[in-house]
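Here the structure is laid out as structure tokens; the discussion comes afterwards.
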Amino acid sequence: MTSSFFRTSILAPRRRLTGLQRSLLSAISLSIACSPVLAQPSAAPSMGSTSSAELSPALERKLGEAIMVQGRRDPEYISDPDMSQYLENMGRKLGAFAPGGAPQIDVFGVRNPELNAFAMPGGFIGVHTGLIVGTGSESEVAGVVAHEIAHVTQRHIARGLTQQRQSSHIALASIAAALLTALIPGSGQAAMGIAAFGQAAAIDRQLGFSREAEQEADRNGVEMLRKAGYDPNGMAAMFGRLTKAASLNEGRGGGAYASTHPLSLQRMTDMQNRIRQFSPVGAQNEDEYWFIRAKSRVLQAVDPRSLRQAHEQLEEEARAGSQREGAAPSAARRAAAWYGVSLAALARQDPKAAAQALDQAQALMSNSPYIELQRVEIELARRQVPAALSLAQASHKRWPQRRSFVLKTAQSLQLLGRDAEAVKFLQAQVKRWPTQEPELYKMLAISQDRLGEVVDSRQTMATYYEKLGALPSAYTQLQQARTLSKDFYVQSQIDVRIRELSGRIAEDRRLLERFRS
């Protein structure tokens, strides 16, 4: 498959567009399909008043948040807490060194075997599992993310949408129309919003970045990579992989990559010359990288045939190691491969084989949260919930910063019917992670509802939707809580939240109304 990484793939060619990108970016896609091709954003600071006035950073973020509300419902969106936490940490680490300071950056995983990554309005960056699997080092993955962050910080997306006044009005009017529909509380379309819009979209045009914009992203990305402690050669190595992938796929739809990167050799040379100016960096792959890479291989296997392939590839790497990188595999890499074999076996509903593979992993590496988490999963698959709870609680104490053990502890408590304990535990955890793991609020609401705390449950569920950005759904939950409550004091508190939420929805509408016509 062809990679489209170094052209930030807001809009991929129609035959290349993934399901998640259709859901996430359909509003933009339809507007492009119905309008003249937008001017390519250049690196020169010539944005002028048009782009800054019509698509401010705040509004760009609103667009991204609204699109992500639908994107999180897509099967290709990866909600795995380990994957999310790994990519979040990488994005935060790189963004800290963005020129001028980075806005909020949200990096998420996409279940797709294609070598690709894409940036959306407002700092949302999707990374395909195929890209992670296709890398040979953590710095290569970081190089991709750094490049995409550079597109965000240099506002290339905003420039592309607003540089031509006529095109931008058509584009932003189409986006605004879809998002405004989703902002109507109680509307029958609120839950589908952009998804319905995406089904109608025809992807016939592309928004591409100019040579100058791509080189600017390369240069800023390499700087971020170096300052964050990664090997800057990772970006050059990744560029070579992507160019090779495009060449190998030429004739099978791979020509699109070459046509959108006519100066890839010049960019490669520029990047290599810049890297030579840096002092050598002794960056090593974190053990976690290999586990995320193995997990990515299994996550993208969505049918029995691809799952069997993933199992075979991981077992080969575990037993003998891949020699493609020119060195014998480390113990961490082999342990991660066995862990991947265990994941694949459990996905095939074979907990016995999963446990055997995990024993092999633990023989190579005895101190891994990924291995312990998989033991919890195996016990749950065996319906040995007390054992799963014991393991999850012990691992949570050992690795308190890992949200995956928090979720598994709560899940086990709920499966055992210990909802009172689950409520107490989850209330403490949402204080620790008020925004990072919305699922905690959802689980808390479930246990509250089971305990008959229906007003609290609706309020907690409102918070869950609020954290996801689904404000109309949060509004509906608060209305239900208001109706169910008989306590004047509680009703008054809910009324305050309803008014605040109504104000936020109204403000979002005002921001978008300007572009409707």
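The values are calculated or read from the model by the stated rules, or taken from the named source; none is laboratory data. Note that this is a predicted model, so its numbers are computed, not measured. Positions of Cβ are backbone-derived with ideal geometry, glycine not excepted, and every protein chain shown enters the neighbour counts. When the accessible area is computed, the model is the full protein with side chains, heavy atoms only, and any ligands, DNA or RNA have been set aside. Shrake-Rupley method; radii C 1.70, N 1.55, O 1.52, S 1.80 Å.
When you look at A481, is it out of contact with any Leu (no Cβ under 9 Å at 6 or more places or on another chain), at pLDDT 95 or above and surrounded by 22 or more Cβ atoms within 10 Å (Cβ to Cβ), yes or no?
Values: out of contact with any Leu (no Cβ under 9 Å at 6 or more places or on another chain): yes; at pLDDT 95 or above: yes; surrounded by 22 or more Cβ atoms within 10 Å (Cβ to Cβ): yes.
So A481 passes the test.
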Which of (1) open to solvent by 30 Å² or more (accessible area, probe 1.4 Å); (2) within 27 Å of S485 (Cα to Cα); (3) modelled with pLDDT of 95 or more is the odd one out, the single condition K397 does not satisfy? (2)
Candidates A320, A347, A294, A258, filtered to the one that is at pLDDT 95 or above, surrounded by fewer than 20 Cβ atoms within 10 Å (Cβ to Cβ) and among the small types (G, A, S): A347
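Has segment 468-476 got any residue that is open to solvent by 50 Å² or more (accessible area, probe 1.4 Å), under 23 Å from the mean Cα position of the chain (by Cα), under 17 Å from L407 (Cβ atoms) and not β-branched (V, I, T)? Give the steps one after another, and end with the answer.
To start, the set of residues in segment 468-476 that are open to solvent by 50 Å² or more (accessible area, probe 1.4 Å) comprises none.
The answer is no, given that none of the residues of segment 468-476 is open to solvent by 50 Å² or more (accessible area, probe 1.4 Å), under 23 Å from the mean Cα position of the chain (by Cα), under 17 Å from L407 (Cβ atoms) and not β-branched (V, I, T).
For (1) farther than 18 Å from P369 by Cβ; (2) modelled with pLDDT of 95 or more; (3) among the aliphatic types (A, V, I, L, M); (4) buried (at least 16 other Cβ atoms within 10 Å of the Cβ), each residue gets a yes or a no:
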| site | (1), (2), (3), (4) |
| --- | --- |
| V406 | no, yes, yes, yes |
| S412 | no, yes, no, yes |
| D419 | yes, yes, no, yes |
| A445 | yes, yes, yes, yes |
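Residue-wise test of (1) in contact with a strand residue (DSSP E or B) (Cβ under 9 Å, 6 or more places away or on another chain); (2) outside any helix (DSSP H, G or I); (3) farther than 19 Å from L225 by Cβ.
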site	(1), (2), (3)
M90	yes, no, no
F97	no, yes, no
V107	yes, yes, no
N112	yes, yes, yes
I125	yes, yes, no
A146	no, no, no
Residue under question is L451, and the condition is that it be within 28 Å of L471 (Cβ to Cβ) and surrounded by fewer than 19 Cβ atoms within 10 Å (Cβ to Cβ); does it hold? yes
Considering L501, L511, which residue is in contact with a helix residue (DSSP H, G or I) (Cβ under 8 Å, 6 or more places away or on another chain) and farther than 25 Å from A428 by Cα? L511
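For (1) on the phi < 0 side of the Ramachandran plot; (2) at pLDDT below 80; (3) buried (at least 18 other Cβ atoms within 10 Å of the Cβ), each residue gets a yes or a no:
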{"residue": "L24", "(1), (2), (3)": "yes, yes, yes"}
{"residue": "E54", "(1), (2), (3)": "yes, yes, no"}
{"residue": "L63", "(1), (2), (3)": "yes, yes, yes"}
{"residue": "Y77", "(1), (2), (3)": "yes, no, yes"}
Of all residues in segment 350-394, count the ones that are part of a loop (DSSP other than H, G, I, E, B) and either surrounded by fewer than 18 Cβ atoms within 10 Å (Cβ to Cβ) or hydroxyl-bearing (S, T, Y) (or both). 7
Checklist (1) under 25 Å from the mean Cα position of the chain (by Cα); (2) over 26 Å from Q349 (Cβ atoms); (3) buried (at least 21 other Cβ atoms within 10 Å of the Cβ) applied to P434, failing item: (3)
Considering segment 78-88 alone, what residues qualify as being among the small types (G, A, S) and touching a strand residue (DSSP E or B) at 6+ places or on another chain (Cβ under 8 Å)? S84
